[in-house]
1. Which percent of the accessible area of the stretch 199-276 is formed by carbon and sulfur heavy atoms (probe 1.4 angstrom)?
2. Identify all lysines with a Cα-Cα distance to residue 65 below 22 Å; exclude those on the same chain that are fewer than 8 residues away in sequence.
3. Put a dot 7 Å past each Cα toward the Cβ at residue 152 and residue 193; how far apart are the dots in nm?
4. Can you give the convex hull volume per residue for the Cα atoms of the stretch 39-125, as a whole number of Å³?
5. Name the GluC sites (Glu not before Pro) in the stretch 190-276 that are in a loop by DSSP and that have at most 15 other C-beta atoms within 10 Å, would you?
6. Using a Cα-Cα cut-off of under 15 Å, which aspartates and glutamates could be cross-linked to residue 219, ignoring same-chain neighbours fewer than 8 residues away?
Amino acid sequence: MTSNSRRISERLALAASAIALAALTAPSAHAASTPTYTVDVTGIHVVDWRYQTDNYPDECKAWVKGSGTATLGIRTTKPARYMLLAFPGMAPQLLMSKLGRYAGVAQRTASDWEDHAIPQTSACTPCGPLSEYGECSEPGPPLAPLHDCRRRNGIASAAVSLIEAGKSRERNGPAALVDALRVDTSVVARFPSCPPTQLTEGPGMRSENAREVSIVGPKVRRIRRLARGQKITLHGSVERSFAGGRETQRCSKPAGGAGYSECAVTDVTVEIKRVA
């Protein structure tokens, strides 16, 4: 299970608790006054990557070189419902009371991938009629790799949580520094034979899954002040890059030379409407 999936599973567990609490309090006037919202989430996660082994571009040595893009997209097909609930000794929490439905798509490209082997030519090997290497051959164009990077549907899910400045989500936990709406999205789709994630060769993608996005700023405070029928749209993004064995929070131009590097960007848009 990915870290995104684990976080979303934890939030879905909280959602189950919220639904149970709502059932217990439904007959009371308090339940009728509990702020309730519908939440739509749209997001895209894009990873641009580059990979190169040693020896490139030596014609007489083996090497691998390639680059490409991986894209995950998610959209709401049926909004989830959330309630703003207050628990003793804790900050009010935005908890899911009804699951939403989501559509997810995934696609990759790796058009310039080349897995170069040492050619059977006189310039690179002691080939010939009496050689154990066999007869020499004329160099030809590289074989097209048998990759499957086609667009496919993925299992998608999303969850949001509200963190108020100066408040803690847990008893005796650290206080939040700023108001934030945290958004987790997940689109699960397998690419067993598409670089850079392959069954045999390749380094594997560092940010294969969407990152958690924290939306901060004055607009987040408006969520609690929404009147029935009002809505608010919030946007957020997060970047991560990996190069030279190090991860940073900002994307930069990929460095040349051997190694693996990537730039990952997760963008989300959240529409929150108060319905009760």
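1. Details: 2050 of 4640 Å².
For the stretch 199-276, the apolar C and S fraction of the accessible surface comes to 44 percent.
2. Cα-Cα hits under 22 Å: 253.
3. 1.1
4. On the way: hull volume 12.6 nm³, N = 87.
For the stretch 39-125, the hull spanned by Cα atoms encloses 145 Å³ per residue.
5. On the way: sites: 201, 208, 212, 239, 247, 262, 271; in loops: 201, 208, 212.
Those satisfying the criteria are 201.
6. Once the sequence-local aspartates and glutamates are set aside, what remains near residue 219 is 164, 179, 271.
The values are calculated or read from the model by the stated rules, or taken from the named source; none is laboratory data. In this text the structure is predicted, and so the values were computed from the model without any measurement. A quick note on method: Cβ atoms are made from the backbone with ideal geometry, for glycine too, and the neighbour counts reach across all protein chains shown. Areas reflect the complete protein model, heavy atoms only, side chains present, ligands, DNA and RNA absent. Shrake-Rupley method; radii C 1.70, N 1.55, O 1.52, S 1.80 Å.
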